[in-house]
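See below for the structure under consideration.
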Amino acid sequence: MSQTKTKPKYRILISSIDAFGTINFTLGFGEILSEAGHEVTFTQRVHHKKLADKRGFYFIPFDESIFENFQPGPFVDWVANNLEKFRGDALERYKGWTDEDKEIFASIADDYFVTNRAIEKILDENKNSFDVIVGDFETQFPALIRSPIPFIPLVALNPVCFYPQGPPPFSGYPVNVDKEKARKFKEIYDSACIRFKEKLYSWWESFNVPVLPEECWLVNRYPKYFGFYHYPEGLDYNECGPKEPAGKWFRIDASIRKPDEESEFVIPKSIASLPGKLIYFSLGSLGSADVELMRQIIDVLSKLPHRFIVSKGPKGDEIELPPNMWGQNYVNQIAVIKVVDMVITHGGNNTFLETIYFGKPLIVMPYFYDQFDNAQRVVDCGIGRRLDTWNLDEKIVSNAVEETLNDQEMTRKIKEIALSMRSTKSREKAVEMIENLISKSINTN
């Protein structure tokens with residue numbers, strides 16, 4: 001009588017930089033690995049322990065003493081105070097940056113440095129405890145490059161960076177953009193980011209790890225093994241293909257984490273009986289920190305014949321909502337998206353993909369980073385509308401909301417993509433790839 005071969009149970013360490021989008025994608029990916037029968041351990045700052053507990057993951061806290069004397073860079077405040085810089089067209093956003101602007105933007109790297117020290121200590125103290133490391137760190141970390149444990153990178157960004165023939169990342173240009181215009185944007189963008197790039201190159205050289213090529217100095221297009229990005233097939237940049245180099249980056253169509261709370265969202269009594277559609281509005285953690293911008297958008301939306309759930313953000317106590325709105329500083333976003341009729345979002349990859357996964361029509365109001373790329377992708381693929389975050393003409397906003405709510409073809413397309421995300425086999429493929437890598441690594445050693 002033949003015996004069924006038991007599938008190996010591997011020990012997987014997951015982690016990321018301390019940012020909502022990267023943490024959420026990493027947790028969602030960890031859930032996929034856990035569901036496949038593997039032992040998942042999450043390592044992060046101690047205040048994130050509840051995220052591991054909720055998912056049945058083991059948890060190893062970073063050594064908080066590493067962060068004691070670390071002052072977070074001024075980057076977040078700089079973005080909040082300088083959103084005006086991003087209100088122009090793509091060529092204007094990064095033009096004319098002062099040396100101070102460039103230095104502050106480069107301070108993003110300071111967070112990388114301290115997190116790298118924390119990761120390095122975790123790996124040093126847990127030798128032979130894990131078979132593979134998986135996580136989203138945006139760029140290459142020396143501790144992971146030098147580790148003998150295989151590292152699989154994740155990227156929670158718009159994937160246009162993997163398509164050299166596509167529009168330049170962070171531009172928000174359509175796929176058919178004029179090549180000269182694209183070249184000019186890249187030149188201006190690279191100039192604004194020069195101190196950031198120099199800081200990363202110096203960091204890598206100090207650890208004696210190879211620097212990334214000029215054409216992809218932030219996101220490593222050449223991981224040692226392979227990596228995964230989160231984006232549905234129906235929105236991917238296949239018309240700009242192929243990805244380069246081939247066989248290095250693979251798409252996960254759906255890696256939506258479990259909701260923050262298990263309970264379903266109940267529409268608050270204050271707006272439950274009001275007329276109109278129910279719409280969710282969020283500008284994300286950075287955008288909502290601009291209280292004046294939030295107030296302006298809320299004022300425009302208050303005049304529409306609909307009800308709104310509002311994620312008010314870190315300074316939400318300074319924001320008062322009109323009668324047709326209900327909100328909190330932070331809401332149980334996934335539960336909210338499930339019950340609304342439409343979403344108005346900044347286009348950060350996290351909210352963006354959760355909205356599409358649940359098949360909701362959307363309007364994107366981008367203000368920074370790859371949000372512009374997601375906003376344009378919505379237009380290119382005909383699944384939503386893009387609005388200028390600073391051009392709050394009441395008629396334009398009102399027309400966009402009504403047209404999006406009533407566009408049946410747009411709704412059909414987004415529900416089709418949502419269905420494909422739910423039926424994807426890309427998650428199983430990712431698990432199999434990681435299992436095969438671990439098996440090969442173990443047998444080699």
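The values are calculated or read from the model by the stated rules, or taken from the named source; none is laboratory data. Just so it is clear, the model here is predicted, and its values are computed rather than measured. Cβ coordinates were reconstructed from backbone atoms using ideal geometry, including for glycine residues, and neighbour counts include every protein chain displayed.
Residues are listed down the side, and each one gets a yes or a no for (1) surrounded by 14 or more Cβ atoms within 10 Å (Cβ to Cβ); (2) closer than 18 Å to Ala156 by Cβ:
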{"position": "Lys360", "(1), (2)": "yes, no"}
{"position": "Val379", "(1), (2)": "yes, no"}
{"position": "Thr389", "(1), (2)": "yes, no"}
{"position": "Ala400", "(1), (2)": "yes, no"}
{"position": "Asn406", "(1), (2)": "no, no"}
{"position": "Thr424", "(1), (2)": "yes, yes"}
{"position": "Ile434", "(1), (2)": "yes, yes"}
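Considering region 179-229, and only residues there that are aromatic (Phe, Trp, Tyr) and part of a loop (DSSP other than H, G, I, E, B), the residue that is farthest from Ser426 (Cα to Cα) turns out to be Phe207.
If you go through region 46-67 and keep only what is out of contact with any strand residue (DSSP E or B) (no Cβ under 7 Å at 6 or more places or on another chain) and either in contact (Cβ under 8 Å) with a residue 60 or more places away in the chain or closer than 12 Å to Ala118 by Cα (or both), you end up with Lys54, Arg55, Pro61, Asp63, Glu64, Ser65, Ile66, Phe67. Picking from residues in region 317-356 that are in a loop (DSSP other than H, G, I, E, B) and of a type in the set (Val, Ile, Thr), the one that is farthest from Asn374 (Cα to Cα) is Ile319. Which of the residues that make up region 196-231 are at pLDDT below 95, surrounded by 15 or more Cβ atoms within 10 Å (Cβ to Cβ) and charged (D, E, K, R)? Result: Arg221, single match. Pick from region 352-384 the residues that are in contact with a Leu (Cβ under 9 Å, 6 or more places away or on another chain) and of a type in the set (Ser, Thr, Tyr): which of them is farthest from Pro268 (Cα to Cα)? It comes out as Tyr369.
Taking the conditions (1) modelled with pLDDT of 95 or more; (2) within 16 Å of Leu304 (Cα to Cα); (3) of a type outside the set (Gly, Ala, Ser); (4) in a helix (DSSP H, G or I) in turn, Arg377 satisfies each one other than (2). Within region 124-152, the set of residues being within 19 Å of Ile23 (Cα to Cα) and of a type in the set (A, V, I, L, M) comprises Val132, Ile133, Val134, Ala143, Leu144, Ile152. Evaluating Ser270 against the criteria (1) under 30 Å from Lys303 (Cα atoms); (2) part of a loop (DSSP other than H, G, I, E, B) leaves one unmet condition, (2).
In this structure, Ile334 does not satisfy being in the same structural domain as Ile383 (by TED's automatic domain parsing) and at pLDDT 95 or above.
Give me a count of the residues in region 78-137 that are free of Cβ contacts under 8 Å to residues at least 24 places away in the same chain and within 30 Å of Arg11 (Cα to Cα). Final tally of qualifying residues: 5.
Here the condition is being in a helix (DSSP H, G or I), assigned by TED's automatic domain parsing to the domain that holds Ser285 and under 18 Å from Glu233 (Cα atoms); of Lys415, Lys360, Lys429, Lys395, it holds for Lys415 alone. Within the option set Lys7, Lys54, Lys50, being within 25 Å of Asn436 (Cβ to Cβ) and either assigned by TED's automatic domain parsing to the domain that holds Gly135 or part of a loop (DSSP other than H, G, I, E, B) (or both) holds for one residue only, Lys7.
Screening Lys179 against (1) surrounded by 21 or more Cβ atoms within 10 Å (Cβ to Cβ); (2) without any contact (Cβ under 8 Å) to a residue 12 or more places away in the chain leaves a single unmet condition, (1).
Identify, from the list Arg221, Arg195, Arg146, the residue that is in contact with an Asp or Glu (Cβ under 6 Å, 6 or more places away or on another chain) and either charged (D, E, K, R) or in the same structural domain as Glu416 (by TED's automatic domain parsing) (or both). Answer to the check: Arg195. One residue is enough: does region 23-34 have a residue meeting the conditions assigned by TED's automatic domain parsing to the domain that holds Leu154 and either free of Cβ contacts under 8 Å to residues at least 12 places away in the same chain or not in a helix (DSSP H, G or I) (or both)? No: zero hits. Reported count of residues in region 125-154, each being within 22 Å of Phe86 (Cβ to Cβ) and either in contact with a strand residue (DSSP E or B) (Cβ under 6 Å, 6 or more places away or on another chain) or not acidic (Asp, Glu) (or both), is 1.
Looking only at residues of region 230-267 that are of a type in the set (S, T, N, Q) and either in a helix (DSSP H, G or I) or more than 20 Å from the chain's Cα centre (by Cα) (or both), we find that the one that is farthest from Glu428 (Cα to Cα) is Ser263.
Only residues that are touching a residue at least 60 places away in the same chain (Cβ under 8 Å) and touching a Leu at 6+ places or on another chain (Cβ under 7 Å) were counted in region 288-330, giving 5.
Checking each residue in region 275-316 for being charged (D, E, K, R), crowded, with 19+ Cβ neighbours inside 10 Å, more than 23 Å from the chain's Cα centre (by Cα) and not in a strand (DSSP E or B) picks out no residue at all.
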